[in-house]
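Below: one structure, written as structure tokens.
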Amino acid sequence: MNDAAAPSPIQLHDTLLGKKCALETLTPGRVGIYCCGPTVYDLTHVGNARAALVPDVMVRFLRHEGYEVKYVRNITDIDDKIIARSQEAGVPALELASRFADEYHRDMADLNLLPPDVEPRVQDHMAEIIVLVESLVAKGLAYAVQGDVYYRVAAFKGYGKLSKRHLEEMLEGAGSRIEVDERKESPLDFALWKAAKPGEPSWESPWGPGRPGWHIECSSMSSTHLGDSFDIHCGGRDLVFPHHENEIAQSQGAHGDDTFARFWVHNGFINFAGEKMSKSLGNFFTTREITTLYPPESLRCFLLTVHYRSGLNFEVEVPCPACGALLDKSAQESGVCPACGHQSEVEELRRRVRFPGLEESDGRLAYIYRTLRQARAFLGTAKQPGSEAPVTEAIAGMLPAFLEHMRNDFNTSGALGALSKPLAEANGLLASGKGVDKASRYLSLERFAADMGEVARVLGCFEQDPDTWLQQRRDMKAARLGLDTAHVDDLVRQRREARSAKDWDAADAMRAKLAELGVGVQDSAEDSVWDFL
RNA sequence: GGCGGCAUAGCCAAGAGGCUAAGGCGACGGUCUGCAAAACCGUUAUCCCCGGUUCGAGUCCGGGUGCCGCCUCCA
């Protein structure tokens, strides 16, 4: 027994209680997680990616800790926006939804997200949804009006407990911003079932042809796949009200006050240039746009540099394609560079956007992959020691510190920070064996590589082959900057020759020339390799 | 107007009362190098303001100030 080393329990912040609590699951050793997935009417934006990444890391970590996890993430394939978009495009709604669900899967796979264990779609749960609505009607919690069914908010006493709102106050504000439907008993009542309008997809129901309201699907699908009660419910902060509040009203209304999600987990927003992401403001980026410019894993890492409950700001720099001057907001909109007068197309500007914060993560990731590559190369060639020897301090402490941060409400920011010292120590050991016992050096690097593997599985980062990833990174950057890599290779070769002839002046001139292209050369005894400065 | 959140170094960001306030980026100094780069080492903060609780507060309470989010589809 070693009490001092006993790990802390996993702490998880619950929105309902507004504080961190020890995670106690319904069934010991098992966890059921439901995540509100995307409404598939277009390519997903980075906010969607973050909302899916948060439970992904949770699932990975809980599995690492020995839990048997059942992870359910739905796809909303029936919705007003999908219908509107399908009518614009002249494509059947479900077909459009199916197409963007495929695109979503591609984005999530690019970001190394594990597929959920179950990915229910609304269209496959009509029977369950109708049964749920019927039971709410039977309990007096819902009423039908002309083919619609509404939830009777006033009849559910706990309404507002998740979002900390009071019925009276909400009633005062109601109607000022939303048009009130006169058929509803109260402006706060929300639709469980909507009667079909002409041209809309619809399903038969006891109230006539129609389709489910937005909130009922999650109540229905979560209980179908996880039971009336389950452990963790995730989603973006903005879903707290009304979506999750309504889910509680529906699920607890139907199944009892002591049912439904035991923990509510909500992730913070992503901002671009300090403003909430919004299409109308033009500071909106899809996941695809970013993963076309940068390695997807760099985006994944960047999203993990901040605690999931905090907001995350993407700094955005838009350089003028002609002179490189940074364009301010008005210049971005007009496309006219104030410095050189160059006129740019919006699309051209978007292809050249830079995200300094993301680039920092990208560079950090490159450092980690380089370290891993060297460590593996060393372990592949060095002789395995025959004797035991102590592992150096920082490396020995890495994994416990990492896991401790993860236990503390999935603090990926702190967890990432715990890797810094060990990384530096590993690089030190790789650079020189000076002052370190040979066996210690080998065993420390061996431990480092093994523990980084474990860290990688939990974070879903650093899992790729270092050479492949570094090559991909360099290629993407070259493409982004419009750099001719063949030309660079050529210059490097010429410089190599000058060096062999000890023509230092020529070599230095080459270095300067490469630097102008943004490229740096690294010389070693055997070779000269280049990378971006 | 109601509710909620946040305010830590030039920038980003951990830190749920108690050793010298993690870490990253940047900057500066150093080791290494033909010169560099990479890598490593070192330097770079008393935590928005005021008051309170406490032996002790960045961490708790009250009051200010400033940002932000939700209250309408939204991750």
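Every number here is computed from the coordinates shown, using simple stated rules; none is lab data. Being a predicted model, the structure only gives us computed values, none of them experimental. Note that each Cβ is placed from the backbone with ideal geometry, even for glycine, and that neighbours are counted across all protein chains shown.
Could you state the angle between the C-alpha long axis of helix A:393-407 and the longest principal axis of the C-alpha atoms of chain A, as a value from 0 to 90 degrees rounded to the nearest 10? Tilt of helix A:393-407: around 10 degrees. Among the GluC sites (Glu not before Pro) in the stretch A:423-516, those located in a DSSP loop and surrounded by at most 15 other Cβ atoms within 10 Å of their own Cβ are A:Glu463.
Whole-Hz Karplus values for the stretch A:72-88 come out as 10, 10, 7, 10, 8, 10, 10, 5, 4, 5, 5, 5, 4, 5, 5, 6, 4 Hz, taken residue by residue from phi with 6.51 cos²θ - 1.76 cosθ + 1.60 and θ = phi - 60°; glycine and proline positions read x. Return the long-range amide H neighbours of A:Gly520 (sequence gap of 5 or more, or a different chain), with a cut-off of under 5 Å between placed amide H atoms. For A:Gly520, the qualifying residues are A:Asp531, A:Phe532, A:Leu533. Restriction of the GluC sites (Glu not before Pro) in the stretch A:252-349 to DSSP coil positions whose beta-carbon has at most 14 other beta-carbons within 10 angstrom yields A:Glu345. Per the Kirkwood formula applied to alpha carbons, chain A shows a radius of gyration over Rh ratio, Rg over Rh, of 1.04. Translational diffusion of the stretch A:280-357 was estimated from the Stokes-Einstein equation, with Rh taken as the Kirkwood radius over Cα pairs; at 20 °C and 1.002 mPa s the coefficient is 157 µm²/s.
Computed over the stretch A:320-362, the alpha-carbon pair-distance distribution with 5 angstrom bins reads 5, 24, 32, 20, 11, 7, 2, each value a whole percent. Rounded to 0.05, the FRET efficiency of the A:Ala396 and A:Gln11 pair, given R0 = 22 Å and the Cβ-Cβ distance, is 0.35.
Projecting the Cα atoms of A:Ala501, A:Gly227, A:Ala51 onto the charge dipole of chain A, computed from C-beta unit charges around the Cα centre, puts A:Ala501 farthest toward the positive end. Restricting the calculation to Cα atoms, the stretch A:392-533 yields a radius of gyration followed by a Dmax of 19.7, 59 Å.
Computed over the stretch A:484-532, the P(r) curve from all C-alpha pair distances, binned at 5 Å from the origin, holds 5, 23, 39, 24, 9, 1 percent per bin. Given their separation in residues at 0.36 nm each and the Cα-Cα distance between them, A:Asp117 and A:Ala450 gain 117.1 nm when the chain is fully extended.
The stretch A:403-484 gives an Rg/Rh value of 1.08, both radii derived from C-alpha positions and Rh following Kirkwood.
The angle between the Cα long axis of helix A:420-431 and the main principal axis of chain A comes to about 30°, on a 0 to 90 degree scale. Taking the longest Cα principal axis of chain A as reference, the axis of helix A:356-381 is set at about 60 degrees.
Sorting A:16-24, A:368-376 by average packing, meaning the other beta carbons within 10 Å per residue, from highest down gives A:368-376, A:16-24. Counted over chain A, the DSSP beta bridges are approximately 55% antiparallel.
A Förster distance of 41 Å, applied to the separation of the beta-carbon atoms of A:Ala509 and A:Arg99, puts the FRET efficiency at 0.15. In terms of its C-alpha gyration tensor, the stretch A:9-267 comes out oblate, because a/c is 1.5 or above while a/b does not outweigh b/c.
Each residue, A:Lys197 and A:Val131, gets one label point 7 Å from its Cα in the Cβ direction; the gap between the two is 3.2 nm.
How large is the helix-only mean residue ellipticity at 222 nm for chain A, computed as the sum of -39500 (n - 2.57) over DSSP H runs with n ≥ 4, divided by its residue count, in deg cm²/dmol to the nearest 500? The helix-only estimate for chain A comes to -14500 deg cm²/dmol at 222 nm. Taking amide H as placed 1.01 Å from N in the peptide plane, the amide H of A:Gly268 sits under 5 Å from that of A:Arg309, A:Ser310, each at least 5 places away or on another chain.
Around the amide H of A:Asn283, modelled in the peptide plane, lie the amide H atoms of A:Ser278, all under 5 Å away and 5 or more residues distant in sequence or on another chain. Length gained on full extension, A:Asp467 to A:Asp228, computed as 0.36 nm times the residue gap minus the Cα-Cα distance: 81.3 nm.
Once you sort the root eigenvalues of the Cα gyration tensor of the stretch A:93-189 as a ≥ b ≥ c, which label holds: rounded (a/c under 1.5), prolate (a/b larger than b/c) or oblate (the other case)? It comes out prolate by the Cα gyration axes. Label separation (A:Val529 vs A:Glu359): 2.2 nm, computed from points 7 Å beyond Cα along the C-beta direction.
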